[in-house]
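Engineer: Just passing along the structure, written as structure tokens.
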Amino acid sequence: MKLSLLIFCLYFCLACNSDEDTYVPISEDKALDFPQPDFFPQPVYDLDENPPTEKGFELGKKLFYDGRLSSTGVISCGFCHIQEFSFTHHTHEVSHGVNGALGTRNAQPLVNLAYFNEFSWDGAAPHLDAFSIIPITTDVEMNETVTNVLNKLESDEEYIDLFSIAFENGKVNTQNMFRALSQFMVMMVSADTKYDKVLEGNAVFTEAEAAGKALFDSKCSGCHEGILFTDQSYRNNGLPIDPRYNDIGRKRVTGLETDKYKFKVPSLRNIAVSLPYMHDGRFKTLKEVLDFYDSGVQLTENLDSVFQQSNSIGISLSETEKEQLIAFLNTLTDDNFLLDRRFSEF
Ligand code: HEC
Ligand code: HEC
């Protein structure tokens with residue numbers, strides 16, 4: 001069975017102990033307005049099916065920062081997804097989970113998830129509500145069972161109260177837990193960068209930023225496309241294969257040879273703070289990323305055709321062009337989002 005299908009089925013098996021699929025918040029709870037920016041596409045996440053509410057969000061946040069979701073009681077979602085670094089695991093190439101266990105991939109930023117079709121570097125999770133089961137049950141991440149987590153939550157009065165107000169059936173169950181986590185995560189909308197202000201006519205680019213934008217539009221936006229800075233496709237950008245992990249990328253999910261070494265094109269919003277870079281965190285700086293695109297791209301299986309258009313492989317860039325591109329990429333940082341107290345642990 002395909003990995004994505006397996007995860008999906010697993011999720012629905014676990015979720016099937018609930019009585020209803022839709023619910024409306026009861027009177028003690030209030031609907032939250034989803035902060036849809038004017039110039040963004042419509043969310044992919046079905047906000048009618050799981051509408052964020054005050055208590056659902058509060059519950060999701062409590063779960064997100066609770067170490068009890070892991071077997072050792074100390075690894076919360078927020079341990080690997082730190083807000084000020086765009087919810088990434090700052091300075092960690094690959095993630096560290098329970099008892100320091102090493103994973104094989106770099107923790108992804110949690111930004112604008114409401115607009116994504118699929119989740120993880122290879123798209124293993126086809127729905128946000130189905131995602132959280134992966135970190136909870138993965139041995140090198142939280143290494144816990146969903147049943148144990150629910151038992152722990154059921155012995156905590158505060159959780160019982162929150163579940164009973166946030167969801168119509170009031171139950172402490174798998175479906176409600178994952179829906180609450182999703183309510184917290186879909187509200188993480190980031191659209192208040194200098195780039196956005198320029199779009200709205202409220203700021204102007206410096207000369208270097210403007211030159212960087214022109215370069216970006218001609219050399220990068222084919223993949224890091226549009227307002228989300230990703231076309232959400234899976235591509236091989238020619239990273240040398242790291243024999244320590246030998247990560248086959250999207251092929252892990254589809255089984256297709258033509259997907260070997262392809263990874264999801266990442267969004268570049270808040271890229272200046274979400275280092276280190278790439279699925280295995282191999283580059284520490286944006287300069288290293290651009291040096292790689294300029295002279296490090298390898299002709300591995302399924303290398304994207306964009307990188308094979310001239311005599312040399314990759315995207316040729318001068319030192320000045322690299323500086324201009326970095327100036328542009330720095331306009332994609334949204335400080336208000338990174339410091340927004342609604343998402344902070346304390
Ligand atoms: C041990 C570190 C670690 C912990 C703990 C952790 N994550 Fe992650 N997270 C990662 C890594 C690594 C990835 C990339 C996974 C992959 O591609 O296989 C990721 C990816 C994600 C994504 C996908 C983002 C995207 O753009 O597709 C979401 C959503 C997410 N995590 C949410 C959570 C939630 C919710 C929890 C807690 C239940 C959690 N994570 C706990 C390390 C962690
Ligand atoms: C053919 C599609 C494609 C093009 C063109 C492309 N990229 Fe990428 N980019 C990717 C993919 C795919 C990844 C993730 C690769 C991985 O981790 O295996 C990536 C990763 C990155 C990252 C790291 C992001 C992170 O969160 O770790 C940065 C920064 C980046 N690209 C910037 C650029 C810039 C700047 C350009 C233009 C000079 C560019 N890219 C051109 C597909 C592309």
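The values are calculated or read from the model by the stated rules, or taken from the named source; none is laboratory data. Values in this document were obtained by computation on a predicted structure and should not be read as measured data. Neighbour counts are summed over all protein chains in view; Cβ atoms, including those assigned to glycine, are modelled from backbone coordinates with ideal geometry. Keep in mind that these areas ignore ligands, DNA and RNA; they rest on the heavy atoms of the full protein, side chains included. Shrake-Rupley method; radii C 1.70, N 1.55, O 1.52, S 1.80 Å.
Engineer: Could you work out how far helix 286-295 tilts from the main Cα principal axis of the chain, as a 0 to 90 degree angle to the nearest 10?
Structural biologist: Approximately 50 degrees, to the nearest ten.
Engineer: Cα axis of helix 3-15 to longest principal axis of the chain: angle in degrees, 0 to 90, nearest 10?
Structural biologist: 20
Engineer: Rounding to the nearest 10 and keeping the result within 0 to 90°, find how far the Cα-based axis of helix 54-64 lies from the longest principal axis of the chain.
Structural biologist: So the inclination is approximately 70 degrees.
Engineer: So how far, in whole Å, is the C-alpha centre of the stretch 48-126 from the one of the stretch 172-208?
Structural biologist: Using only Cα atoms, the two centres lie 15 Å from each other.
Engineer: Across every pair of different alpha-carbon atoms, what Kirkwood hydrodynamic radius in Å does the stretch 157-259 reach?
Structural biologist: 18.6
Engineer: Ignoring ligands, DNA and RNA, what percent of the 1.4 Å accessible area of the stretch 194-335 is carbon and sulfur?
Structural biologist: 51
Engineer: Another question about this same structure. Starting from the Cα of residue 171, draw a straight line to each of the lysines and keep only those under 16 Å, dropping any in the same chain fewer than 8 residues away.
Structural biologist: Correct list for residue 171: 55, 152.
Engineer: Over the chain, calculate the relative contact order: mean separation of alpha carbon pairs under 8 Å at least 6 apart, over the residue count, as a percent.
Structural biologist: RCO, the chain: 21 percent.
Engineer: Between the stretch 220-276 and the stretch 290-318, what is the separation of their alpha carbon centroids in Å?
Structural biologist: About 14 Å separates the Cα centre of the stretch 220-276 from the one of the stretch 290-318.
Engineer: For residue 71, what accessible surface area do you get with a 1.4 Å probe? Give it in Å², rounded to 10.
Structural biologist: We get 50 Å² for residue 71.
Engineer: Can you pull the Rg over Rh of the chain, Cα-only, Kirkwood?
Structural biologist: Radius of gyration over Kirkwood radius for the chain works out to 0.98.
Engineer: Points 7 angstrom from Cα along the Cβ direction at residue 256 and residue 320: gap in nanometres?
Structural biologist: Result for the modelled spin labels: 4.2 nm.
Engineer: Here's another thing I want to ask about it. Take the Cα gyration tensor of the stretch 194-335, multiply each eigenvalue by 5, square-root it, and list the three semi-axes largest first, rounded to whole angstrom.
Structural biologist: Square roots of five times the eigenvalues give 27, 16, 14 Å.
Engineer: Could you name the lysines whose alpha carbon sits less than 19 Å from that of residue 287, not counting residues in the same chain fewer than 8 places away?
Structural biologist: Cross-link targets: 213, 219, 322.
Engineer: With every protein chain kept in place and ligands, DNA and RNA left out, what is the accessible area per residue of the chain? Probe 1.4 Å, answer in Å².
Structural biologist: I get 45 Å² per residue for the chain.
Engineer: Per-residue accessible area for residue 231 at 1.4 Å probe radius, Å² rounded to 10?
Structural biologist: 40
Engineer: Tell me, what is the FRET efficiency for residue 202 and residue 246 to the nearest 0.05, using R0 = 41 angstrom and their Cβ-Cβ distance as r?
Structural biologist: That pair, residue 202 with residue 246, gives E of 0.30.
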